[in-house]
Amino acid sequence: MLTVLRPVDEGEKPASRWTSLHQGLKDAIIGRRLMPGTKLPEDELAAIYSVSRTVVRAALQALSHERLVRLEPNRGAFVAHPSKKEALDVFQARALIESEVAAIAAMRAKPEDIALLRQHLEREHEALHAGRDSEAIILSARFHVGLAEIADQSALINIVRDLVSHSSLIITLYWSRRETTCHTHAHNELVDAIEAHRASEASELMKSHLADLLAGLDLSLGDKKPNKLSDILR
């Protein structure tokens with residue numbers, strides 16, 4: 001069952017008081033109003049959002065789990081700042097592993113798997129063209145994990161999930177072309193190859209797709225000087 005291919009946040013409701021703060025910071029990071037490396041002081045965020053530092057701390061912890069924020073002992077919270085080497089390493093690992101995942105998926109895919117993948121591509125397309133960049137990135141990530149689920153290799157699923165999560169942050173912070181968030185045509189070509197059980201073609205398409213994603217990143221963006229938090233978030 002391709003559990004990762006359900007619609008984003010379908011039927012989900014805010015879980016606690018820090019939801020608006022969490023979402024506000026997440027949108028600012030994904031929208032690149034908060035640049036990589038920007039410090040996120042608890043007291044300043046509490047004043048901006050009129051909440052307690054306990055609420056701020058909970059939101060920052062959640063963003064840390066999502067790899068959007070880095071928590072440093074005795075220094076505080078910062079917008080995550082993956083290095084150029086880290087980005088290159090992650091995408092190299094993805095190319096090696098996901099090309100094999102795509103080939104295995106092409107050999108094992110059933111008609112119901114293909115139907116779910118195509119439904120998922122429609123949601124990707126809609127999110128991208130509606131300008132919902134955060135949702136487009138999440139959906140793109142879920143597509144890749146979904147292919148690992150079709151391959152039905154538990155170890156590979158976990159590895160792909162971790163790599164995709166890491167690279168989603170890198171894409172979020174450094175994309176220089178909007179289409180980098182979700183190459184719909186590349187995903188369509190992958191599904192066509194998988195449906196036809198063309199394992200070798202699926203493998204090569206995956207390598208090409210990941211190379212295109214990496215080429216669409218501007219890894220110098222983290223060098224920009226951040227603005228004041230109060231000017232960004234209010």
query: So for the pair residue 19, residue 119, with labels modelled 7 Å out along Cα→Cβ, what separation do we get in nm?
result: 2.5 nm
message: Suppose each label sits 7 Å from its Cα in the direction of the beta carbon; what would the residue 96-residue 211 distance come out to in nanometres?
response: 1.8 nm
- prompt: What whole-number value in cubic angstrom gives the convex hull volume per residue for the C-alpha atoms of the stretch 19-81?
  reply: 75 Å³
task: Just name one of 65, 155, 40: the one whose Cα is farthest towards the positive end of the charge dipole of the stretch 28-158 (beta-carbon charges, Lys/Arg +1, Asp/Glu -1).
output: 40
- request: Show the residues, 5+ positions off or on another chain, whose built amide H is closer than 5 Å to the amide H of residue 69.
  value: 64, 80
message: Run the numbers for residue 89 and residue 27: contour at 0.36 nm per residue of separation, minus the present Cα-Cα distance, in nm.
response: 19.7 nm
message: Please give me, ordered by residue number, the trypsin sites (Lys or Arg not before Pro) of the stretch 60-95 that lie in loop per DSSP and have at most 14 other Cβ atoms within 10 Å.
response: 75
statement: Ordering 133-142, 160-169 by per-residue average of other C-beta atoms within 10 angstrom, highest first, gives 133-142, 160-169
- request: Grab the Cα-Cα distance for residue 52 and residue 218, subtract it from 0.36 nm times how many residues apart they are, and report the gain in nm with one decimal.
  value: 56.1 nm
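Values quoted throughout were computed directly from the atomic coordinates according to the rules given, and no laboratory measurement underlies them. What you see is a predicted model; the values in this text were computed from it and never measured. Using ideal geometry, Cβ is built from the backbone for each residue, glycine included, and neighbour counts are taken over all protein chains shown.
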